[in-house]
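Derivation of every value follows stated rules applied to the coordinates shown; laboratory data play no part. A quick note: this is a predicted structure, and the numbers were derived from the prediction, not measured. Note: ideal-geometry Cβ built from the backbone for every residue, glycine included; neighbour counts use all protein chains shown.
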Amino acid sequence: MGTLQLSFIQIAIALFLLTQAKSTTEEMLVHPNNTTTSCIAGERSALVTFRAGLSDPASFLSSWKGDECCRWKGVFCSNKTSHVVRLDLRTPDCNIMQGLGGNISSSLLGLQHLWYLDLSCNRFENLQIPEFLGSLQYLRYIDLFGSSFVGRIPPQLGNLSSLRYISLDSTFGDTYSNDITWLSRLASLEYLDMTSVNLSTVTNWVPVVNMLPSLKLLRLSNCQLRSSPDSLQVSNLTSLETLDLSENSFNKHGSPNWFWDLTSLKYLDLSFNGFYGPLPDEIGNTTSMVYLDLSSTDLVGMIPSNMKNLCNLEQLFFYDTNINGSIAEFFERLPRCSWNKLQTLYLPDCNLTGSLPDTLVPLSNLSWLDLSSNQLTGPVPLWIGELTKLTVLDLSSNYLDGVMHEGHLSRLNMLEELTLADNSIAITVSPAWVPPFNLGTIELQHCQLGPKFPAWLRWQTHVDTLDISNTSISDMVPDWFWVSASSVISLSIRHNQITGLLPSTMEFMRGQVMDFSSNHLSGPIPKLPINLTNLDLSRNNLVGPLPLDFGARGLITLVLFDNHISGTIPSLCKLQSLHLLDISGNNLTGSVPDCQDKESTTNMKSLSILNLSLRNNDLSGAFPSFLQNCKKLIFLDLSYNNFSGSLPTWIGQKLSSLAFMRLRSNLFYGHIPEELTKIGNLQYLDLAYNNITGSIPRSIGNWKGMILTRDYLEGAFSYGAEVGDIVFADYSQNFTVLTKGQERLYTGEIVYMVNLDFSCNNLVGDIPEEIATLIALKSLNLSWNTFTGKIPEKIGALVQVESLDLSHNELSGEIPTSLSALTSLSRLNMSYNNLTGVVPSGNQLQTLEDPLYIYIGNPGLCGPPLPRNCSQLKPIPATKEVHEDAGDVVSFFIAMGSGYVIALGVVFCTFLFKRKWRVSWFSHCDRLYDRVYVLVAVTWASSTRRNA
């Protein structure tokens, strides 16, 4: 919308400049290639001094040499007097990065006949608008748009009584004005642009502007204005045609307001303001209106019926305005007298309801129709196909259904953008149909195109954006498609059942963003397009090795998880723009290569990787040393591999930004490095199923990420490659978390997980008291180690913990009563320790499932929910008591144990070479064994009580 909106304001400006040009014909100009007019020496000297203070990175002023300054680029002289009258130093194509910079010398005062000064689109950073410009008394035109000026706008500009055009647009700077009364002295002013100038302290701006009777165009967009009077006693703005007050903070009722009385207005932009209330009836008074934008305000209700008076209306923008009514009624209220003039209806997110009318007199000049993100239902009517001048059709994100066929599309010769995404529309055309249009944008995701690949796409040879994801295509991708798609910049075919190979000529495609995920594509990965930045090939059937040279040096995201890719990982050190790499769930082997010496000579101080997932492969070797170059790394997942060795001490220094590290199910050994606790941002650490020894460092309290969570992490887990206003290759981390005894899939919400898992290692010693300071923890698992001593008394401080597992250790003493303070707890496991005393009760502990299983294997525990009464507890081991009267139960245990031994032997042999299955099977067997044991123990206890 922003591009289109700006273009119409620019049209207004262009018309104004054309008028200005006609009004200055009395001043004949000498163009730079003129050879008959000589430069005045004093003015040449002034220009040379001015040039000396400038920086010119693009050599824009390279022609400024020699004596004839009237032939220098950007310098124009009078044909009558030879005086320099015009200085046009606007950066070509407004490429600010190549613009002039430096200082603006007061030597310009030597150009006293100057009436035109254009310094727009330059880089005068940290420089204030020169006060001396107010002394150039003949100036009629000043353009400082986007030149990065800062500071106060000099009131001396009010001395330029002949000024007719002034643009102080500080879009790329930071200028302000506390007092604009100096504007009232510019009685001849016709054009005033103060976009993005900070006027937050100015309250009298309307009375000041009202003193400019010649004003035709006024732009005060994004000026932090807050006040807008209801009316003017006497309005002098009878010539005002263009008014832009967008992006301010008026926060008042839409009516009354002073601008509704300006019957001369043709262009009115009130978008992104705080106006509220019903859509004003006064709209009907603006009978000259050509362009009206009320987008993203808090105005509500159906457009007023007196809009029928707007017989010149061409452009209507109501984006994000709560019309909250029938689309059929909206069309009824549009002015019939402008029916053949309307060119744009931009109505996304307006809460329009109902079905599009079955019949409608064609809007013969309509070129842009956007009804997206509403609540429209029913089929798309055939009159859409009669809008023969339509260039943009956007009906996306509604509840439209039915079929669109050739009758809807065959007359839309001028169509450039077709967006029907997120509807239930079926596009059914003949396989031989040749469209009359050649589209630049095609967005049809979630429509019904399949099962065959849509043949009409073959004729779309100039597409920049193509999204046919989730369109029920179940077909082999035809060869012609790769030819047609070779010019596409953003291409998405994800979530279909498309088969076939990636093209061998893929490196010659134009693509920057490609998403082919969740299909049945097979074969190897070819060399990638050189301009590619985002690629998602996940959940396919790709095989073979990764290319040694990806080809796309500018890759930002590379997502290849859940394929059958084999071989080794090539060096990643050339991909210096890479932020996200996910190659999990493949068949990769070997070690991860380090950066070679020849690669480090490319001035590579560090890689840009934020998110790296290598899980579920068969990788081996030591902890990857190339990660020392990944100083921005936030997320690291090496789980379910065969990495070995000790954890390096450099982790704490080199990976200081790390927040998530998952190393579970590897062969790491050695102690937990003390340096690991220096990573203050760490909020998720999983070292489970390794051979880690030693004790937990007491400095774990340094993990501030487990105390306070931060929202900034979202950027590391969700990537959306954007082209224009369209998001492609949307990616959320495919991440499983073992918590509450279950492995769960997390996507974007992983950023809220705060976990610590040291289970299934060989850790010893006490559980440090400092663990109770990690109050943001949601899951704590220390099971299957050899921890001794007591459970920390302050364990109840972990108020957010949902899953707590301390089972299968050698912990002793009583369970702290503070445990009952864990009101968020939903899974607890204290089984198989040497705990004694009364089981705590109250609060969340009373609601836990399998209460007996929680405490099994602790014969010294008593009290509910255990069947053992604390008053009857004898200092005799429970196991001995069972052995005295076991009888058939003992035989049962022996038989059951034997069966388990045999079964586990079979499983061990079967899974010897499949480590992923092995880990999953053992976890299942542990849970099954525990449940059977509880059942038997409870049955025996009940039987004993009955016999007693």
- Net lengthening on full extension, residue 249/residue 475 (0.36 nm per residue, minus Cα-Cα): 76.0 nm
- Message: Taking a ≥ b ≥ c as the square roots of the Cα gyration tensor eigenvalues, with a/c under 1.5 meaning rounded and otherwise prolate when a/b beats b/c, else oblate, which class fits region 743-851?
- Response: oblate
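Going by a ≥ b ≥ c, the root eigenvalues of the Cα gyration tensor, does region 152-289 fall in the rounded group (a/c under 1.5), the prolate group (a/b larger than b/c) or the oblate group?
On the way: a/c = 1.85, a/b = 1.32, b/c = 1.41.
Oblate, since a/c reaches 1.5 and b/c is not below a/b.
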- Say each of residue 162 and residue 230 gets a label point 7 Å from the Cα, pointing the same way as Cα to Cβ; how far apart are those two points in nm? 4.4 nm
- Query: Tell me, in nm to one decimal, what length is gained between residue 834 and residue 549 on full extension, where the rule is 0.36 nm per residue of separation less the Cα-Cα distance?
  - Reply: 96.9 nm
- Query: Once label points are set 7 Å from the Cα along Cα→Cβ at both residue 359 and residue 185, what is their separation, rounded to one decimal in nm?
  - Reply: 6.6 nm
- Item | Spin-label proximity, residue 200 to region 136-155 - amide N less than 18 Å from point 7 Å beyond Cα toward beta carbon | 150-153
- Task: Towards the positive end of the charge dipole of region 488-621, with charges on Cβ (+1 Lys, Arg; -1 Asp, Glu), say which of 545, 612, 493 has the farthest Cα.
- Result: 493
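I need the shape label for region 511-640. Rule: rounded when a/c is under 1.5, else prolate if a/b > b/c, else oblate, with a, b, c from the alpha carbon gyration tensor.
Numbers: a/c = 1.64, a/b = 1.22, b/c = 1.34.
Taking the square roots of the gyration eigenvalues as a ≥ b ≥ c, region 511-640 is oblate.
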- Task: Would you give the gap between the C-alpha center of region 364-416 and the C-alpha center of region 203-229, rounded to a whole Å?
- Result: 40 Å
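Tell me, what does the Kirkwood hydrodynamic radius of region 63-206 come to in angstroms if you use every pair of distinct C-alpha atoms?
One over the average 1/r among Cα pairs gives 15.7 Å for region 63-206.
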- Under unit Cβ charges (Lys, Arg +1; Asp, Glu -1), what dipole magnitude, rounded to 20 debye, does region 130-192 have relative to its Cα centre? 200 debye
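Over region 331-462, what per residue volume does the convex hull of the Cα atoms give, in whole Å³? Walk me through the numbers on the way to the answer.
Values: hull volume 12.5 nm³, N = 132.
It is 95 Å³ per residue.
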